[in-house]
Amino acid sequence: MLLEIEDITLHYGRIQALHGISLHVNEGEIVALIGANGAGKSTIMRAISGLRAVSRGAIRFNGEDISKVRADLRVARGICQAPEGRGVFPGMTVQENLEMGAYIRRDSAAIAQDMERVFGLFPRLLERRKQAGGTLSGGEQQMLAVGRALMARPKLLLLDEPSMGLAPMIIQQIFTIITEINQQGTTVLLVEQNAQQALSRAHRAYVLETGNIVKEGTGAELLHDPAVKAAYLGVA
Amino acid sequence: MTTDTIKKQRRGLHLGNRFRALPKSARIAALIAFVVLLYVLPVKGFYENLGLPIPAGDGYLPLYTTRSDMANVLFQCGYYILLALGLNVVLGYAGLLDLGFFGFFAVGAYTVALLTSPDSKLITEYNWLESPWPWLVTVPIAVALAMLSGVLLGWPTLRLRGDYLAIVTLGFAEIIRIVAKNQDWILNGDRGIPSVAHPPGTWSDGSPIFGIIDWSPYYWLVLTVIILVIFLIRNLANSRVGRAWVAIREDEDAAELMGVSTFKFKLWAFAIGAAIGGLSGSLWAGQANFVNSATFSLENSILVLAAVVLGGAGSIGGAILGGFLVIYVPEWLRSVGDVFGWPDSVEVFGVHIDVSPTSLRFVIFGALLIVVMIYRPQGLWPNRRRAAELKDRQKEVAPVE
Ligand SMILES: Nc1ncnc2c1ncn2[C@@H]1O[C@H](COP(=O)(O)OP(=O)(O)O)[C@@H](O)[C@H]1O
Ligand SMILES: [Mg+2]
């Protein structure tokens, strides 16, 4: 088990956003986390990446509890998140953004290789190499955020709504690339409101409602679950 | 004409790009010539030639200052530029709002004063020192203490997000000033500390280089320090540290998610900025001879902040330009005022109102800041990333998608 979350709670001030969440991600999987707006999906991501401290529970990565480890040190252990709302560095060029993704690494030859790999996955980024991140279109920024996270060579890639605000064509493209990244050996935990795409790409999935996990199963199971269909797939 | 060639032409008109397009040897030569110009600037026989004839009539518009000694004004510009360079590291590079930057200047100045004055209470009352120390020895101590106070202020506050830092720094500067003003046990209030030492050195005739009458040597000293500090800051900005600062200022969460230890690098920026502020204070004290609490009013912190924002946060050139403008322009306007007969004060209903440009400094820069923030929010001499960063921040406030 690469990641194992056991009974975590998390508070924003007095508001409790997570009520005892447990989930796990096996090495090599794509695991999807679906749920409505405000269910707590991003909060789980923040707890894993360390942007927010949990109030209770354990987050084990490779068997070791990292729930007290600082966020920047979790990156060194192999967890990298592409934040919600893209979060590219607006004043840095595409290339500088990607270099920033490799900030913790010192192996410049391998970094150059990985950059080629990212440009291979996202040819658009190669065209825009010298352009400031903030001037890219929404889809391009999303690609950059994913590419930048890959530059850290994570064992576990956390993607928070990579399809948000994008045109259907580009969503399709992004998900294809996520599958490709996974096949190249990166484990992926994926948060999505676009449940259709997420469930059809994921090996396993969890459904989150107001800070609780209410369902889990394989992607295919949940895709055909009547309750999930009604709530998240817009099918009656 | 294609838009591409139009863009190219527009780029060609831009002064900075035109300069960068020159061959390297030409750029270095131009830079050396400019530095030489800066060094001869306080020489009377030189600067008095800097002026423009006024087309109508036979007036002469000086570019130098006629009311105050030019070397004096240039020295003041110098230590403000140093302050602006220090605050630029904090605000411009790491994006941290420091409203009390002059506090570090005060730490530097008081350290020098207490250690070098024979009238310092450390000597006369507490017997901590047997005799006053030479100025040069106290400068590194002043810088170190300013840096230490930066670390002590930053340690608890830089872990927090939001405006805590602005409030804490504001409080810090005001506490120093108020403590200095109201207590007697060491800093001596308004009566201050007299006989502060000057930098060392004598001319061949035995008279001190750093005397009271001629301010040029002080200006040359501060100019030299500025050049050294620029080299230091440039190297930092182009290093891994500099890239971490950019990342933190552009998106702190994302920086952390890339593995940047945001607290550590913010603390570094804060400490380095504080050290430069302290350095400026120790240079100033070496000239001033007398240090009291009146020097450290809040207005000065605001003026340094205005200098950085006006010049262009995040850009060394901008900090220099801003630091120069906030001191030089009001002084120079007094010279211009003399040419056109602008009075120093006017009487309205029997009340004398001071209207000299140095008194109106805050009105002038307040207005200028508003205009610049509307039409050129990235500053007069911006960092190349700044425009994109500001546009992004606007989007966050009012999303367009
Ligand atoms: N910074 C914050 N401060 C206070 N409450 C927050 C904050 N971020 C999220 N929340 C609250 O926590 C809950 C979960 O939010 P979030 O994890 O962003 O949901 P999701 O990503 O599933 O849309 C919501 O009720 C939201 O209002
Ligand atoms: Mg979310």
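Assorted remarks:
- Residue among A:Phe175, A:Phe122 that alone is under 23 Å from B:Ala388 (Cβ atoms) and either more than 16 Å from ligand 2 (Cβ to nearest atom) or over 12 Å from the mean Cα position of the chain (by Cα) (or both): A:Phe122
- Here B:Thr111 clears all of (1) surrounded by fewer than 19 Cβ atoms within 10 Å (Cβ to Cβ); (2) modelled with pLDDT of 95 or more except the condition numbered (1).
- Single residue of segment B:212-239 satisfying the filter (away from every other protein chain (no Cβ under 14 Å) and outside any helix (DSSP H, G or I)) that is nearest to B:Gly314 (Cα to Cα): B:Trp215
- Residue tally, condition touching a Gly at 6+ places or on another chain (Cβ under 8 Å), more than 7 Å from chain B (Cβ to nearest Cβ) and touching a residue at least 24 places away in the same chain (Cβ under 8 Å), over segment A:69-78: 1
- Taking segment A:178-193 as the range and being within 16 Å of ligand 2 (Cβ to nearest atom) and either part of a loop (DSSP other than H, G, I, E, B) or more than 17 Å from A:Glu29 (Cα to Cα) (or both) as the test, only A:Gln193 passes.
- Yes/no for B:Gly242 being within 14 Å of chain A (Cβ to nearest Cβ), surrounded by 14 or more Cβ atoms within 10 Å (Cβ to Cβ) and not in a helix (DSSP H, G or I): no
- Residue match in segment A:208-217 (condition: touching a helix residue (DSSP H, G or I) at 6+ places or on another chain (Cβ under 6 Å), part of a loop (DSSP other than H, G, I, E, B), away from chain B (no Cβ under 14 Å) and crowded, with 20+ Cβ neighbours inside 10 Å): no
- Given (1) among the polar types (S, T, N, Q); (2) crowded, with 19+ Cβ neighbours inside 10 Å; (3) farther than 30 Å from A:Gln81 by Cα, number of the condition B:Thr202 does not satisfy: (2)
- Subset of segment A:142-165 [over 17 Å from A:Arg46 (Cα atoms) and either within 14 Å of ligand 2 (Cβ to nearest atom) or surrounded by 23 or more Cβ atoms within 10 Å (Cβ to Cβ) (or both)]: A:Gln142, A:Met143, A:Leu144, A:Gly147, A:Arg148, A:Leu150, A:Met151, A:Ala152, A:Ser163, A:Met164, A:Gly165
- Within segment A:166-175, tally of residues that are among the aliphatic types (A, V, I, L, M), part of a helix (DSSP H, G or I) and surrounded by fewer than 15 Cβ atoms within 10 Å (Cβ to Cβ): 1
- Considered as a group, the residues in segment B:245-259 that are touching a residue at least 40 places away in the same chain (Cβ under 8 Å) and within 7 Å of chain A (Cβ to nearest Cβ) include one that is surrounded by the most Cβ atoms within 10 Å (Cβ to Cβ), and that residue is B:Glu250.
- Residue in segment B:316-335 that is over 21 Å from B:Leu85 (Cβ atoms) and free of Cβ contacts under 8 Å to residues at least 40 places away in the same chain present: yes
- Single residue of A:Leu144, A:Leu156, A:Leu166 found to be farther than 16 Å from B:Asp251 by Cβ, in contact with a Phe, Trp or Tyr (Cβ under 9 Å, 6 or more places away or on another chain), more than 16 Å from ligand 1 (Cβ to nearest atom) and within 13 Å of another protein chain (Cβ to nearest Cβ): A:Leu156
This table checks each residue for (1) farther than 15 Å from B:Gly78 by Cα; (2) of a type in the set (Ser, Thr, Tyr).
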residue: B:Asp253; (1), (2): yes, no
residue: B:Thr262; (1), (2): yes, yes
residue: B:Leu283; (1), (2): no, no
residue: B:Phe296; (1), (2): yes, no
residue: B:Gly312; (1), (2): yes, no
residue: B:Val339; (1), (2): yes, no
residue: B:Val348; (1), (2): yes, no
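- Residues of segment A:1-47 that turn out to be more than 16 Å from ligand 2 (Cβ to nearest atom) and either within 14 Å of chain B (Cβ to nearest Cβ) or touching a Cys at 6+ places or on another chain (Cβ under 8 Å) (or both), as a count: 1
- Test for A:Asp65: is it more than 16 Å from ligand 2 (Cβ to nearest atom), within 22 Å of A:Gly217 (Cβ to Cβ) and away from chain B (no Cβ under 14 Å): no
- Yes/no for B:Phe265 being in a helix (DSSP H, G or I), in contact (Cβ under 8 Å) with a residue 12 or more places away in the chain, touching a Leu at 6+ places or on another chain (Cβ under 9 Å) and more than 30 Å from B:Leu360 (Cα to Cα): no
- Elements of the type strands (runs of 3 or more DSSP E) sitting completely within segment A:23-95 and holding at least 2 residues that are of a type in the set (Asp, Glu) and within 16 Å of ligand 1 (Cβ to nearest atom): there are none.
- If you go through segment B:180-194 and keep only what is over 15 Å from B:Ala106 (Cα atoms) and surrounded by 14 or more Cβ atoms within 10 Å (Cβ to Cβ), you end up with just B:Pro194.
- Residues of segment A:1-22 satisfying the condition of being more than 15 Å from ligand 1 (Cβ to nearest atom) and crowded, with 19+ Cβ neighbours inside 10 Å: A:Leu2, A:Leu3
- Scanning segment B:215-235 for residues that are free of Cβ contacts under 8 Å to residues at least 60 places away in the same chain and under 23 Å from B:Gly281 (Cα atoms), we see that the one that is surrounded by the most Cβ atoms within 10 Å (Cβ to Cβ) is B:Pro217.
- When residues in segment A:81-93 are screened for being within 25 Å of A:Glu192 (Cβ to Cβ) and more than 7 Å from chain B (Cβ to nearest Cβ), 5 of them pass.
- The condition (being closer than 26 Å to B:Leu221 by Cβ and polar (S, T, N, Q)) is satisfied by just one residue among B:Ser345, B:Ser356, B:Ser335: B:Ser335.
- Residue that is farthest from A:Val188 (Cα to Cα), among those in segment A:94-104 that are facing chain B (nearest Cβ under 7 Å) and crowded, with 24+ Cβ neighbours inside 10 Å: A:Met100
- Residue check, B:Phe296 away from chain A (no Cβ under 14 Å), of a type in the set (A, V, I, L, M, F, W, C) and touching a residue at least 12 places away in the same chain (Cβ under 8 Å): yes
The values are calculated or read from the model by the stated rules, or taken from the named source; none is laboratory data. Computed from a predicted structure; not experimentally measured. Counting neighbours? That spans all protein chains shown, and the Cβs are built from the backbone with ideal geometry, glycine included.
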